[in-house]
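Please read the structure below before turning to the comments.
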Amino acid sequence: MGNFGSGGLPTPRRLVGSTPKVASPPSAGLARESVTLRVGETEQTIEIVRQPRHLGGHQAYWLCPKCSALRSHLYVVQDGPRDGALLCCRVCGKLSYRSQHVLHPALIRAAKLRRKLGAAPGLLAPLPLRPCNVWAAARYDRLTRELAAAEDVIAEMLGATIKALERRKGRLHGPR
């Protein structure tokens with residue numbers, strides 16, 4: 001087990017958005033059936049389970065070949081460099097969502113608000129001029145207040161990071 005900064009290449013994250021996905025199974029058909037799907041050179045037989053809905057009709061689910069759980073989607077996951085691709089659910093394929101790897105929600109919120117305002121991305125980028133229309137001006141004012149709050153959180157985080165780095169520098173190199 002290595003320490004922080006011990007070198008080595010980071011393992012790339014597998015994300016749901018960048019992994020090929022098998023479409024949802026068809027809703028019409030038998031209560032339980034199996035389908036053979038071909039992925040690359042390998043073939044996998046996967047079961048489809050249909051369950052009745054409380055307002056009528058049926059909902060179809062894939063049965064994950066690894067964990068046997070009912071899933072709406074299956075993903076094409078490459079296990080290793082020599083192994084072929086296989087179909088499995090998000091949990092078995094160790095896939096995660098991009099939003100799970102964001103440092104802080106305020107970063108995403110500020111970027112979305114800047115996009116809505118038509119401003120350039122970045123903490124110090126200038127905002128566009130306030131519109132003259134009453135309704136557009138009210139929206140602009142509301143969005144800029146929200147943006148200011150989100151960027152205050154980001155500025156506090158950056159300030160805390162700088163203070164921590166200065167303390168660390170003082171411990172490592174002594175007072176200068």
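Every read-out reported here was derived from the displayed coordinates using simple, explicitly stated rules and does not represent laboratory data. All figures in this text were calculated on a predicted structure; none of them were measured in a lab. Here Cβ is always computed from backbone atoms with ideal geometry, including for glycine, and neighbour counts include all displayed protein chains.
Points worth noting:
- Full extension of the chain between Arg168 and Ala69 gives 30.8 nm of extra length, using 0.36 nm per residue less the Cα-Cα distance.
- Calculated SAXS-style log₁₀ I(q)/I(0) at q = 0.09, 0.11, 0.17 Å⁻¹ - the chain, Debye, Cα scatterers: -0.65, -0.82, -1.04
- The angle between the Cα long axis of helix 105-117 and the longest principal axis of the Cα atoms of the chain comes to about 80 degrees, rounded to the nearest 10.
- Between Asp152 and Arg13, the simple label model (points 7 Å from Cα in the Cβ direction) yields a spacing of 2.9 nm.
- Pairs from the list Lys21/Lys94; Lys66/Lys94; Lys21/Lys112 with a Cα-Cα gap above 21 Å: Lys21/Lys112.
- Relative to the longest principal axis of the Cα atoms of the chain, helix 134-173 runs at roughly 80 degrees.
- Val39 long-range amide H proximity, modeled H, under 5 Å: Gln44
- GNM flexibility winner over the chain from Leu147, Leu55, Leu158 (Cα, springs under 10 Å): Leu55
- Extension reserve of the Ile108-Gln51 stretch, reckoned as 0.36 nm per residue once the Cα distance is removed: 16.7 nm
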